[in-house]
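Enquirer: Starting off with a structure, shown below.
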Amino acid sequence: MNEIIEKIRSEFFEAIKNVKSAADLEPIRIKFLGRKGLVSTSFDRIAELPKEQRPLFGKALNELKRELENAYQNLQGDFKKQQAKQVQLDLTLPGRKPFAGRKHPLLKVADEIKQIFVSLGFTIEDGPEVETDFYNFEALNIPKTHPARDMQDTLYITEDILLRTHTSPVQIRVMQRQKPPIQMIAPGRVYRRDTPDASHSPFFHQVEGLVVDKGITFADLKGVIQAFAHRMFGPDIKVRFRPSFFPFTEPSAEYDFTCVFCQGQGCRVCKNTGWMEISGAGMVHPNVFKAAGVDPEKYTGYAFGMGIDRIAMIKYAIDDIRIFFENDVRFLNQF
Amino acid sequence: MKVTYRWLKEFVDFKETPQEIANLLTEAGLEVEEIIPLVKPFDGVVVGKVLEVQKHPNADKLSVCKVQTNEETYQVICGAPNVAAGQFVPFAMVGARLPNGMKIKKAKIRGVESFGMICSKEELGLEHHSDGIWAFERELSLGEDVYSILKDEQDWIIDIAITPNRGDCLSVYGIAREVAALTGNPLKEITIDLKEQLPEKTADIIKINIHDADGCPRYAGRVIRNVKIGPSPGWMQKKLEAVGFRPINNIVDITNYVLAELGHPLHAFDLKQIKGQQINVRASKPGDLFVTLDDKERKLPENTVMICDAERPVAIGGIMGGQNSEVSDQTTDILLESAYFKPERIAMASKKLGLSTDASQRFERGADPENVIRAINYAAALMEQLAGAQVAKGIVDVYPQPLQQKKIPLNVEKINKILGTDFDQKTIRQKLESIQLKVEADQVIVPTFRHDLSLVEDLAEEVARLVNYSNLPAKKYTTTFYEMPVSELENRLQYFRNEMLSLGLQEIFTQSMVRRAEAQAFTEDEPLAIKNPVSDDMAVMRPSLFTGMLKAVSHNLNRNNKDLHFFEIGRIFGSFDGINLPDQPYSLGVVITGNRQLPGWNVPEQAVDFYDIKGYLETFLGKLFLDNYQIILYDKAGYMVKGQTIAVKIKEDLIGVCGKFTEEVCHAFEIEKEVFGFELNLDLLQKYLVFDRKYQPVPRFPYSERDVAFLVDKDVLAAEVVEFVQKNGGFLLKSVEIFDVYQGPNIPQGKRSLGLRLRYQSAERTLSDKEVDQYFQQIINKTIKHFSASLRN
Ligand SMILES: [Zn+2]
């Protein structure tokens, strides 16, 4: 029996002497170590032996199997290493690139603004872009003959239907359907009859804010704008409130942020004032509450607006608003 | 609104610099846009004396002058006719810099050397046009710096943006009132020294009847005779020019001066043209026509306040005078009008006429009815002084129902509640009184010039701006734990958007106002038209996102940006039924062109085709886990190629269209490449989203796959075969996939081969080969029979 084992062993080692590649190795593996190979079939012959010799032969066969397998694996490992060396990759070649999904820069900034307000506990509301005169003007305390109508040159569909000139109509829509407390923002597109140039577009984007509850004061408004400024542009940004006029707020304010280009030192962008005008705000006018069915004796509230385009232009130092809407991929790829 | 620093000082003694005044005004809500010095900086110009003037040897109009400074005598060429020996002149030496940026250099003019320049006022930026050099009226010390001399007379134009509620600040006096309050100084009265030298009484010369007291609550007139029309004095012209009025003649300049200083518009009629010695104020009737001062015949809107004489209209009240009664060079006698018109009536008329004037702007923002008398007396006095005129005795002042001063309860608690402050009554009272509001008991009496104050909220703003907004408290923001409704629409839009981004598409953002022709390509309905569009390029609202998206494609292709895979989410607009707001759903658009993948050294160029856009569509819909959508063949989208268009349908709703854009559409956008796209109505789509999905157990037992290739008629659609197999393949058949489509050599004419991969699986056990083979053979047989197909060898 030992002769059989010895024969298999010597044949195997003789065979692998001449092997030069992994491919040459495979028939040898099949011949000796395969399912129907010499080692396996030798186990079948155990039955031919007398009972007392069987365990010994079985043990010897198992040892042989292990020995051959080790030898085979070592050799195979060597071939793999060799192969790896031969098929060396030039790792400096570029990879295959899928198209990358990217957000439009303006909407990316809108996302940032929304996230800030959501983190401050605001909900996000929406309203139609084609609006009625009632929601865009009348309910906001801007009757037909009010000179404030001239502040915003309006695009009309009919005498009573128009393209909203601000996101403020959403204030009315929300107050009509929801009882205070209200704490919302409404981002969206607005329209004005402006000739396009570097700083004007006949359509642009605003975020409206509205908070209504018992005991809301101007101090709350200052606080929330400050919190926004710090999160959007950093903790060193200061906020300045100036009196202004909007028919739908009283008192009304315009608010400025420290110029981010000169840190308030004064530069060309801020016309040496150190401040960047952001937008308007104020305490909700009692006539607006009345038009929306909220009791002005019971509730107070503040409202604010801000231009998404303006904030994006400040953030990315863009000096021509029209570039947002050209959608040139060489521009879009920068964000 | 422009005022000057020195003009303000005529009414308030303050010490603040122009910049400090500007800051105070801005912080009080009167935003100063610009401070412009009247004398612009220059240097190197000194006082010189002209010693001698000789004719230039080679030029008739030039002189060779000798100019002496404190140090030296220079030879200077001068072209001005008025240069003469003995004059003291502003002399710009070599190296001087003039206000317009010009630098003086040594020059040779027609062969004669010139060392400097004798300046005119124009060259020093002191007037728009000069006819000659500026000879000083008095002797000055030679060599003195001219800019330093002028600086003592320096004045600054302060340009202020006045918000529409502050009609009271549309004058120098109105601004001075604010400056007085902000600097804590008293406000001086305007001194009016009127003599009324004529023996006649105004009331005997003119009668005034108001038939439209709603539109014109007050109308006053004065008669001024023996007017000598001529230029107004230099000081008046200079002030008028500084605040933006062009000097015309003494009478016009005086009314403009009163307008600028007091804010009250006046109108001067040629008295001889007023028929019947009377003025009648009445509302216009439909169809009335009138020729205004600017020689334009205008159709009057109904209910316009008209000023008429005994026979005809002579002016549009509060807006513009008439040509028939205009003051001319021959005018000697004047009827001066000072009136108060109701703001709403003027606003309406001005808007409908499309005519906005200095007068209408003031009246529609609210003039002061109490200024009617002050203004007319002031102007009459100035006409006595500056136009040699005589004024008749007395005023005709018709004011049937004097406007009452408004009263607002002084609610200190409410003011503090609005501002988040705790001011006491004394502080609030002091602030209100500083802008001439009267406080009596618990009432605030509002003067007639403040039309904007009527509520306690208005008083809160006055207090706030006088305290300065910066001094108001800011409450540190703490999140208020309101239970707010979920932002449902926003969440869904973001969900759609994030799924698109994850597919690797670039988000774009395009305009929603488009050309009519562009819109018409994508809708059979009438696009939603804008009545007063900015331009033809933005005439209607987009009925589809494709309008802007194809424009973006075109823009990029023109710049050689070739591989474009875009998506956009935005509103599109339905047509208008004449009554209701049009439908304006959110829409999702995708357009692709160029290569399927970014080409590279190991990625060959491969242009996108129909199956790329369909793949985006299927993957997107698949990500939404809509199990009930259908893709149907579609041929009703005129902008897409027939036979390359499909549509998405859920129940009865057509959600959107997907396919290849026609050549005509591409041409219309100047695109020469093939472009594919789809657009889905998100308002419809979101109805079918299922948010409370439960998980399905992952199969525990292995699947078995079998492949088969059928030869079918080439008209048989792949989806028909797949559907048939799916339906009839037995309950263990889990999925059917097309792995190969072939048509060509080795396939009979008119046939094509469809390779299907069928997957069998059971949730309970491992399937045996035998039973899978059995089901597989059954479905093969059924399919062959149903489609008259055969097996491909
Ligand atoms: Zn700056």
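Enquirer: If you take just the strands (runs of 3 or more DSSP E) that sit entirely in the stretch A:157-252, which of them hold at least 3 residues that are within 30 Å of A:Gln263 (Cα to Cα) and free of Cβ contacts under 8 Å to residues at least 40 places away in the same chain?
Expert: A:239-246
Enquirer: Tell me which of these A:Glu131 doesn't satisfy, since it passes every other one: (1) outside any loop (DSSP other than H, G, I, E, B); (2) at the interface with chain B (Cβ under 9 Å from one of its Cβ atoms); (3) more than 30 Å from A:Thr158 (Cβ to Cβ).
Expert: So the condition that A:Glu131 fails would be (3).
Enquirer: Moving on. Do any residues in the stretch A:265-280 that are in the same structural domain as A:Ile225 (by TED's automatic domain parsing) and closer than 17 Å to A:Ala312 by Cβ have Cβ atoms under 8 Å from those of residues that are open to solvent by 80 Å² or more (accessible area, probe 1.4 Å) and more than 8 Å from the ligand (Cβ to nearest atom), where the two are at least six apart or on different chains, and which pairs are they?
Expert: If the second residue must be open to solvent by 80 Å² or more (accessible area, probe 1.4 Å) and more than 8 Å from the ligand (Cβ to nearest atom), the pairs left are A:Ile278/A:Arg310; A:Ser279/A:Arg310.
Enquirer: Separate question: Return the residue satisfying two criteria in turn: it lies in the stretch A:265-275 and is within 7 Å of the ligand (Cβ to nearest atom) and crowded, with 17+ Cβ neighbours inside 10 Å, and of such residues it is modelled with the highest pLDDT.
Expert: Only one residue fits best here, namely A:Gly274.
Enquirer: Would it be correct to say that A:Lys298 is of a type in the set (D, E, K, R), open to solvent by 10 Å² or more (accessible area, probe 1.4 Å) and under 21 Å from A:Gln171 (Cβ atoms)?
Expert: Answer is yes for this residue.
Enquirer: Anything in the stretch A:96-117 that is facing chain B (nearest Cβ under 8 Å) and open to solvent by 50 Å² or more (accessible area, probe 1.4 Å)? List them, or say none.
Expert: Listed by number, the residues that qualify are A:Arg96, A:Lys97, A:Pro98, A:Ala100, A:Arg102, A:Lys103.
Enquirer: Something else now. Of B:Glu311, B:Glu297, B:Glu241, B:Glu302, which residue is of a type in the set (Asp, Glu) and within 30 Å of B:Thr191 (Cα to Cα)? Lay out the reasoning, then the answer.
Expert: Details: B:Glu311 fails: within 30 Å of B:Thr191 (Cα to Cα); B:Glu297 fails: within 30 Å of B:Thr191 (Cα to Cα); B:Glu302 fails: within 30 Å of B:Thr191 (Cα to Cα).
Matching residue, one of B:Glu311, B:Glu297, B:Glu241, B:Glu302: B:Glu241.
Enquirer: Just checking: which of the strands (runs of 3 or more DSSP E) contained wholly in the stretch B:248-320 hold 2 or more residues that are assigned by TED's automatic domain parsing to the domain that holds B:Ile208 and within 35 Å of the chain's Cα centre (by Cα)?
Expert: It comes to B:266-270, B:289-291, B:297-299, B:305-308, B:313-316.
Enquirer: I've got another one for you. What number goes with the only condition from (1) within 16 Å of the ligand (Cβ to nearest atom); (2) on the phi > 0 side of the Ramachandran plot; (3) open to solvent by 20 Å² or more (accessible area, probe 1.4 Å); (4) over 29 Å from the mean Cα position of the chain (by Cα) that A:Gly293 does not pass?
Expert: (1)
Enquirer: Same structure again: Output the number of residues of the stretch B:570-599 satisfying the condition of being within 30 Å of A:Tyr135 (Cβ to Cβ), over 27 Å from the mean Cα position of the chain (by Cα) and facing another protein chain (nearest Cβ under 7 Å).
Expert: 0
Enquirer: Could you give me the residue pairs with C-beta distances under 6 Å whose first residue belongs to the stretch B:504-515 and is at the interface with another protein chain (Cβ under 7 Å from one of its Cβ atoms) and open to solvent by less than 10 Å² (accessible area, probe 1.4 Å), whose second residue is small (Gly, Ala, Ser) and in a loop (DSSP other than H, G, I, E, B) wherever it lies, and which are 6+ apart or on separate chains?
Expert: B:Gly504/A:Gly101; B:Leu505/A:Gly101
Enquirer: Something else: Filter the stretch B:530-569 down to residues that are among the small types (Gly, Ala, Ser), more than 10 Å from every other protein chain (Cβ to nearest Cβ) and over 21 Å from A:Thr195 (Cβ atoms) and give me whichever is surrounded by the most Cβ atoms within 10 Å (Cβ to Cβ). Working first, answer last.
Expert: So in the stretch B:530-569, the residues among the small types (Gly, Ala, Ser) come out as B:535, B:539, B:544, B:548, B:552, B:554.
With more than 10 Å from every other protein chain (Cβ to nearest Cβ) added as a condition, the list becomes B:539, B:544, B:554.
Remaining after also requiring over 21 Å from A:Thr195 (Cβ atoms): B:544, B:554.
Details: B:Ser544: 24, B:Ser554: 18.
Filtering first and then ranking leaves B:Ser544.
Enquirer: Find all pairs meeting these conditions: Cβ atoms under 6 angstrom apart; at least six residues apart or on different chains; first residue within the stretch A:1-25 and without any contact (Cβ under 8 Å) to a residue 40 or more places away in the chain; second residue open to solvent by less than 50 Å² (accessible area, probe 1.4 Å).
Expert: A:Ala15/A:Ile28
Enquirer: Which one of B:Phe449, B:Phe496 is more than 30 Å from B:Gly589 (Cα to Cα) and open to solvent by less than 50 Å² (accessible area, probe 1.4 Å)? Please lay out each step first, then the result.
Expert: On the way: B:Phe496 fails: more than 30 Å from B:Gly589 (Cα to Cα).
Being more than 30 Å from B:Gly589 (Cα to Cα) and open to solvent by less than 50 Å² (accessible area, probe 1.4 Å) holds for just one of B:Phe449, B:Phe496, which is B:Phe449.
Enquirer: Return yes or no: is A:Ile225 over 27 Å from the mean Cα position of the chain (by Cα) and either at positive phi or more than 8 Å from chain B (Cβ to nearest Cβ) (or both)?
Expert: Taking the combined requirement at face value, the residue does not satisfy it.
Enquirer: Being in a strand (DSSP E or B) and over 18 Å from B:Tyr5 (Cα atoms), is that true of even one residue in the stretch B:34-41?
Expert: Looking through the stretch B:34-41, none of the residues is in a strand (DSSP E or B) and over 18 Å from B:Tyr5 (Cα atoms).
Enquirer: Just to be sure, is A:Phe261 open to solvent by 10 Å² or more (accessible area, probe 1.4 Å), within 16 Å of the ligand (Cβ to nearest atom) and touching a residue at least 40 places away in the same chain (Cβ under 8 Å)?
Expert: It is true that A:Phe261 is open to solvent by 10 Å² or more (accessible area, probe 1.4 Å), within 16 Å of the ligand (Cβ to nearest atom) and touching a residue at least 40 places away in the same chain (Cβ under 8 Å).
Enquirer: Something else about it: Going through the stretch A:93-112 one residue at a time, which ones are out of contact with any Phe, Trp or Tyr (no Cβ under 8 Å at 6 or more places or on another chain) and more than 14 Å from B:Glu507 (Cα to Cα)?
Expert: Result: A:Gly95, A:Arg96, A:Lys97, A:Pro98, A:Glu112.
Enquirer: Among the residues of the stretch B:565-580, what is the count of those that are in contact with a strand residue (DSSP E or B) (Cβ under 8 Å, 6 or more places away or on another chain) and either outside the structural domain of B:Gly659 (by TED's automatic domain parsing) or modelled with pLDDT under 95 (or both)?
Expert: Counting residues in the stretch B:565-580 that are in contact with a strand residue (DSSP E or B) (Cβ under 8 Å, 6 or more places away or on another chain) and either outside the structural domain of B:Gly659 (by TED's automatic domain parsing) or modelled with pLDDT under 95 (or both) gives 1.
Enquirer: May I pose another question? With the condition kept exactly as written, say whether any residue in the stretch A:311-331 is among the basic types (Lys, Arg), within 16 Å of the ligand (Cβ to nearest atom) and touching a residue at least 40 places away in the same chain (Cβ under 8 Å).
Expert: yes
Enquirer: Still on this structure, I have one more. Residue check: is B:Gly594 modelled with pLDDT of 95 or more and more than 26 Å from A:Val190 (Cα to Cα)?
Expert: Spelling it out, B:Gly594 is indeed modelled with pLDDT of 95 or more and more than 26 Å from A:Val190 (Cα to Cα).
Enquirer: Go through the stretch B:87-124 and report how many residues are open to solvent by 30 Å² or more (accessible area, probe 1.4 Å) and either over 27 Å from B:Lys238 (Cα atoms) or part of a loop (DSSP other than H, G, I, E, B) (or both).
Expert: Number satisfying all stated conditions: 21.
Enquirer: Is it true that some residue in the stretch A:207-214 is in contact with a helix residue (DSSP H, G or I) (Cβ under 6 Å, 6 or more places away or on another chain) and within 10 Å of chain B (Cβ to nearest Cβ)? Before the answer, list the steps.
Expert: Step one: filter the stretch A:207-214 for residues in contact with a helix residue (DSSP H, G or I) (Cβ under 6 Å, 6 or more places away or on another chain), giving A:207-208, A:210.
Those left that are additionally within 10 Å of chain B (Cβ to nearest Cβ): none.
No, the stretch A:207-214 contains no residue that is in contact with a helix residue (DSSP H, G or I) (Cβ under 6 Å, 6 or more places away or on another chain) and within 10 Å of chain B (Cβ to nearest Cβ).
Enquirer: Take the residues in the stretch A:238-254 that are within 16 Å of the ligand (Cβ to nearest atom) and closer than 17 Å to B:Asn23 by Cα; name whichever of them is farthest from the other protein chains (Cβ to nearest Cβ). Walk me through how you get there before you give the answer.
Expert: Taking the stretch A:238-254 as the starting set, the residues that turn out to be within 16 Å of the ligand (Cβ to nearest atom) are A:238-240.
Applying the additional criterion that residues be closer than 17 Å to B:Asn23 by Cα yields A:239-240.
On the way: A:Val239: 8, A:Arg240: 7 Å.
Going through the qualifying residues, I end up with A:Val239.
Enquirer: Report yes if B:Ile779 is in contact with a helix residue (DSSP H, G or I) (Cβ under 8 Å, 6 or more places away or on another chain), open to solvent by less than 60 Å² (accessible area, probe 1.4 Å) and touching a residue at least 12 places away in the same chain (Cβ under 8 Å), otherwise no.
Expert: Values: in contact with a helix residue (DSSP H, G or I) (Cβ under 8 Å, 6 or more places away or on another chain): yes; open to solvent by less than 60 Å² (accessible area, probe 1.4 Å): yes; touching a residue at least 12 places away in the same chain (Cβ under 8 Å): yes.
When the stated conditions are applied, B:Ile779 passes them.
Enquirer: If you don't mind, another one. Out of the stretch B:68-81, which residues are open to solvent by less than 70 Å² (accessible area, probe 1.4 Å) and within 15 Å of B:Ser120 (Cα to Cα)?
Expert: B:Val76, B:Ile77, B:Cys78, B:Gly79, B:Ala80
The values are calculated or read from the model by the stated rules, or taken from the named source; none is laboratory data. None of the values given here were measured: they were computed from a predicted structure. Positions of Cβ are backbone-derived with ideal geometry, glycine not excepted, and every protein chain shown enters the neighbour counts. These accessible areas exclude ligands, DNA and RNA; they are computed on the full protein's heavy atoms, side chains included. Shrake-Rupley method; radii C 1.70, N 1.55, O 1.52, S 1.80 Å.
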